[in-house]
Structures are given as C-alpha cells and as structure tokens.
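FYI, it's all coordinate maths here, none of it is from the lab. Because the structure is predicted, anything quoted here is derived from the model rather than measured. Neighbour counts run over all protein chains shown; Cβ positions are idealised from the backbone, glycine included.
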Amino acid sequence: MAIGELATENSENLGTLRVTDDVIAIIAGLATVEVDGVYSMSGGLTGGIAEVLGIKNLSKGIKAETKENDIYINIYIIAEFGARIPEVAWNIQEKVKKTVERMTGMRVMEANIHVQSVNIPKD
C-alpha cells in the first residue's frame, strides 16, 4: 500500500501528513457516486462478498495508487441505461480530480474510467 506524503506549509515542523491509497479510494468513490449517470460502482468478487456480509465498502470499484505526491486512480462503474457514457466519464474525472486534490493537497495525474456494465431497467 503506497502512502502519499505532504510537507505541511507552516513555520513549525510538527511532522508529516500521510494519506493512504485506501483513503484516496474512499474519497474518489464518494465523489463518483454523486455524478449523474452512475448507477453503481463495480466492485468485483470481494466487493460482493463484503456487501453480502453487510459491510459497506466505501472504496468499492476504485483502485488508487500514489507515487510521491502524484495520484493515479482507476474507477470501475456500472452506468445508467440511456446515459451518455463519454459525458458521464468526463464528469467523473472532473469531480474526482477536484475533490481528491482539494481534500489531499496532492495532484491527480490520471483518473481512468472503466465502464464494466450498463444497468438495464427490468420494466
């Protein structure tokens, strides 16, 4: 698990701030589900097992990796049927980049969107 480290900008050096990839994934996941056209996150087998056990996985569908102060994020989603997928992907990238950078002070270099499925209404 990589950890991004930031130097604090104050006159006293009280220590360092470390943000884990798991925290970055949670932030990115919460930002992603707020975007219109995202039905849900695609979590794979481990995400499905956690849900069956009643455990809420806030980083489901997100793989975040830090390299020094740069962040690389892969986001796996299920899109709403009828949504314009390129527009949804662009909106996710913008929202995730803005939110993660604001909350961590680190730079998002990539936010790659992987559409795993489309939710088709049962009606």
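Of the residues making up region 81-105, those that are surrounded by 19 or more Cβ atoms within 10 Å (Cβ to Cβ), touching a residue at least 60 places away in the same chain (Cβ under 8 Å) and of a type in the set (A, V, I, L, M) are Ile92, Val96, Val100.
The set of residues in region 84-114 that are within 14 Å of Ile62 (Cβ to Cβ) and part of a strand (DSSP E or B) comprises Val108, Glu110, Ala111, Asn112, Ile113, His114.
With respect to the conditions (1) closer than 16 Å to Val19 by Cα; (2) among the hydrophobic types (A, V, I, L, M, F, W, C); (3) in contact with a strand residue (DSSP E or B) (Cβ under 6 Å, 6 or more places away or on another chain), Met103 lacks only one, and its number is (3).
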